[in-house]
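Note sheet for the following structure.
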Amino acid sequence: MNDQITPTPSTELDLNEWLATGERTTHTVNLYARLDLIAEIDALEAQKVDAPAAPEGEEALGGERNPNAELDAQIADLYQRIDASKRVFRVTALTRAEIDSIRETVLSECSDKIDAAAKLGRDEARKTCKRMEITVPADINAYVRIGVKEFTDNLINRETTLRMIAQATSVQVRDQFVQLDLDQTRTLYEKLGEAQAGLLADAADKANNETPEVTVPKS
């Protein structure tokens, strides 16, 4: 006889109703269009002079005028301009099926580019063999296979990443978020550089692969 009693739930749980309210893991990323201004800030910081500290007990009297006041004001203005160039992005997790579909799209739509990358990898491998004076056909073929794989993998991975980011990412426009398209994502990489745009790729990887941790605050 089984004496174990199954506890009765305190509330009814409608799974469909609960799932209807669900959303995928999403991360927020801030990107800045004018990080080039950091160079100007560094140049102004380098112009600062050491200001003598006011004698002890006389700090509140004001002392001498800050010789870096004008530079500080210019630096503060540049930081404001950087902050004004900020845009807020949201990156949402994709399913494995969605990612596989994106990769299949790349293999289909970028076939000519993949073939061109393979040719480039093949040519570079043969040049490398010539520079290294490798003449054995089997060795040359091995280098060629490695070169072709490296160049084609790089192109496929990059095109897949661009499409994943486009599908997973939206940007705040006034009071709503609008999904990026592929051309915008490509331009974003070209204009802002790998380091900044890579933050979106990192957020996508985190949303797709990391187990979310939720900490409930103590009451």
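The values are calculated or read from the model by the stated rules, or taken from the named source; none is laboratory data. A quick note: this is a predicted structure, and the numbers were derived from the prediction, not measured. Cβ coordinates were reconstructed from backbone atoms using ideal geometry, including for glycine residues, and neighbour counts include every protein chain displayed. Ligands, DNA and RNA are excluded from the accessible area calculation, which covers all protein heavy atoms including side chains. Shrake-Rupley method; radii C 1.70, N 1.55, O 1.52, S 1.80 Å.
Which longest run of the chain has no exposed loop site in it, a site being GluC sites (Glu not before Pro) in a DSSP loop with at most 16 other beta carbons within 10 Å, and the site itself not part of the run? Can you show the working numbers first?
Numbers: sites that count: E12, E23, E56, E58, E64, E133, E210, E213.
Longest gap between qualifying sites, sites excluded: 134-209.
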What dipole magnitude, in Debye to the nearest 20, does the chain give about its Cα centre under +1 on Lys/Arg Cβ and -1 on Asp/Glu Cβ? 1140 debye
Among I146, A168, A51 the positive-end extreme of the charge dipole of the chain (Cβ point charges): I146
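For L199, L155, what's the largest-to-smallest order of accessible area, 1.4 Å probe?
Numbers: L199 75, L155 40 Å².
The ranking, largest first, comes out as L199, L155.
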Could you tell me which residue out of T105, P212, G22 lies farthest along the dipole of the chain toward its positive end? Charges go on the beta carbon: Lys and Arg +1, Asp and Glu -1, centred on the Cα centre. T105
Of the accessible area of the chain, with the probe set at 1.4 angstrom, what percent is carbon plus sulfur? 51 percent
Solvent-accessible surface ranking, highest first, for M164, M132 at 1.4 angstrom: M132, M164
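Could you give the size of the charge dipole of the range 113-160 about its Cα centre, using +1 on the Cβ of each K and R and -1 on the Cβ of each D and E, expressed in debye and rounded to the nearest 20? Mind dumping the intermediate values first?
Details: 10 positive and 8 negative charges, 22 e Å.
With Lys and Arg at +1 and Asp and Glu at -1, about 100 debye.
How long are the semi-axes of the equivalent ellipsoid of the range 93-199, defined as square roots of 5 times the Cα gyration tensor eigenvalues? Whole Å, largest first. Kindly include the intermediate steps, with their values, before the conclusion.
Working: eigenvalues 267, 45, 20 Å².
One finds semi-axes of 37, 15, 10 Å for the range 93-199.
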Short version: ³J(HN,Hα) in whole Hz for each residue of the range 22-32, in order, from phi by Karplus 6.51 cos²θ - 1.76 cosθ + 1.60 (θ = phi - 60°), x for Gly and Pro, what are they? x, 9, 6, 4, 9, 10, 9, 10, 9, 10, 10
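Would you mind estimating how fast the range 141-214 diffuses translationally, via Stokes-Einstein at 4 °C and 1.567 mPa s with the Kirkwood radius over Cα pairs, in µm²/s? Spell out each step's value before the answer.
Values: Rh = 14.1 Å.
Taking Rh from Cα pairs, D becomes 92 µm²/s.
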Log10 I(q)/I(0) at q = 0.09, 0.15, 0.17 Å⁻¹ for the chain, from Debye over equal alpha-carbon scatterers, is -0.70, -1.09, -1.20
Heavy-atom accessible area of R34, protein chains in place, probe 1.4 angstrom, given in Å² to nearest 10, is 90 Å²
Using a 1.4 Å probe, how large is the accessible area of L120, given in Å² and rounded to the nearest 10? 90 Å²
Under the √(5λ) rule applied to the eigenvalues of the Cα gyration tensor, what semi-axes describe the equivalent ellipsoid of the range 125-182? Give them in Å, descending. 45, 9, 5
